[in-house]
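Single-structure report; data block below.
The values are calculated or read from the model by the stated rules, or taken from the named source; none is laboratory data. Everything quoted here is computed from the prediction, not taken from an experiment. Neighbour counts run over all protein chains shown; Cβ positions are idealised from the backbone, glycine included. Each accessible area value is taken on the protein alone, full model and side chains, heavy atoms only, with ligands, DNA and RNA left out. Shrake-Rupley method; radii C 1.70, N 1.55, O 1.52, S 1.80 Å.
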Amino acid sequence: PNIAVSYKPLTWMNIHLKASRDFRTPTLNDRFWKPGGNQDLLPESGWSEELGMTIRKNMNNISSEYSATFFHRDIKNWILWSPGQGVPYWAAQNINNVVSQGIEQTVSIKYLNKKVQLQFDIGYDYISSAFQTALTIPKVETGDQLLYNPKHSGRTSLSIKNNKWKLRYVHSFTGKTRGVNENLPSFHTGNLEIAHSTKIQKTDLTINLNVFNVFNHRYFIIERRPIAGRNYNIGITIKY
C-alpha cells in the first residue's frame, strides 16, 4: 500500500509527498538456483518515503524543467548474493537491515520551433545504501555502502530532431564502488543514437543505429569481468 499527495502552490511549481509499505518475495533464482539458492529466505519488507519538487518555466520557444526527489528507505531482511559460508560458491542470504537515502535530480532545457527540436538534459544522483549490520563474509562494517552500488552517478544528453531525423548523444558517469574482492574505479561511457523515420503509404518506418561505449572505454561493473567495448545495435520499427 502507498499514499501520495501532490500540491501546486504556484503555477510553475509542483510538490509531491509519498509513503509506502514495501514487500518483496524472493525470486525463483534466489530460492532454487543451484548452487547457492536458499529456500529458507525471508521476504524483504520495510517503509519508503519520498519528497519531490518540480519547477517548470516556459519562455517563447524555450521550456525548462528542474526536478528533485529526496527519498529514504528502510528495508529489513535484504536479500544479498555473496560468497557463502564454508562453500566455494556464491549464495543468497538475508542480511539484517539496509537503509537507503539520497537525492535524484534532473535539469531539462528544450528549444522547439516549426522545423527542429533541441533538448539538453543533465542529472545527478547521490544514493547512500548502507549495511546496518556488520558481516563476516563478505567483510563489511556497519555503515558500509552496499556492494556494487555507487554513491555518485550522473548523466547528460543532447539531442536534435526534426520530422525525419533524430541524433542523440548520452554521456554517463558512474562513481567508484566496492566489490567483494576489490574496489572498482569510477568510469565514463558515451552512447550515440541515430534514427531516421519515414512513411510508406499508411506505414510508419523507423530505422535506428545505436553505438554503445563510443570511446571504447574499458570499465567494470563487477571486478575481473570487463564490460564489452564499443558495440553496435541496428533496429527497425514498423507501425501500421
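Annotations
- Value of Rg to Rh for the chain (Rh from inverse mean 1/r over Cα pairs, i.e. Kirkwood): 1.04
- Nitroxide proxy distance, nm - points 7 Å out along Cα→Cβ at T198 and N2: 4.3
- Rg and Dmax, both from the Cα atoms of the range 110-240 and both in Å, are 20.1, 66.
- Links that overshoot a 23 Å alpha carbon limit, given the list K8/K115; K18/K176; K76/K151; K114/K166: K8/K115; K18/K176
- Calculated [θ] (222 nm, deg cm²/dmol) that DSSP helices of n ≥ 4 give over the chain, each run adding -39,500 (n - 2.57): -500 deg cm²/dmol
- Whole-number accessible area per residue in Å² for the range 3-94, which is evaluated in the context of all protein chains at 1.4 Å: 68
- Extension gain, S45-E223: 0.36 nm per intervening residue step, less the Cα-Cα distance, totals 61.1 nm.
- For the pair M13 and F120, label points projected 7 Å from Cα toward Cβ lie 2.5 nm apart.
- Check: the chain dipole with +1 on Lys, Arg Cβ and -1 on Asp, Glu Cβ, in debye: 1240
- Taking 0.36 nm per residue of separation and subtracting the Cα-Cα distance, full extension of the segment from I62 to T136 would add 21.2 nm.
- Stokes-Einstein diffusion coefficient of the range 100-185, Kirkwood radius over Cα pairs, 37 °C, 0.692 mPa s, in µm²/s: 211
- What a 1.4 Å probe finds exposed on the chain is 57% carbon and sulfur by accessible area, rounded to a whole percent.
- Residue-normalised convex hull volume from the C-alpha trace of the range 1-104: 139 Å³ per residue.
- Computed from the C-beta positions of M53 and L209, the FRET efficiency with R₀ = 41 Å rounds to 0.65.
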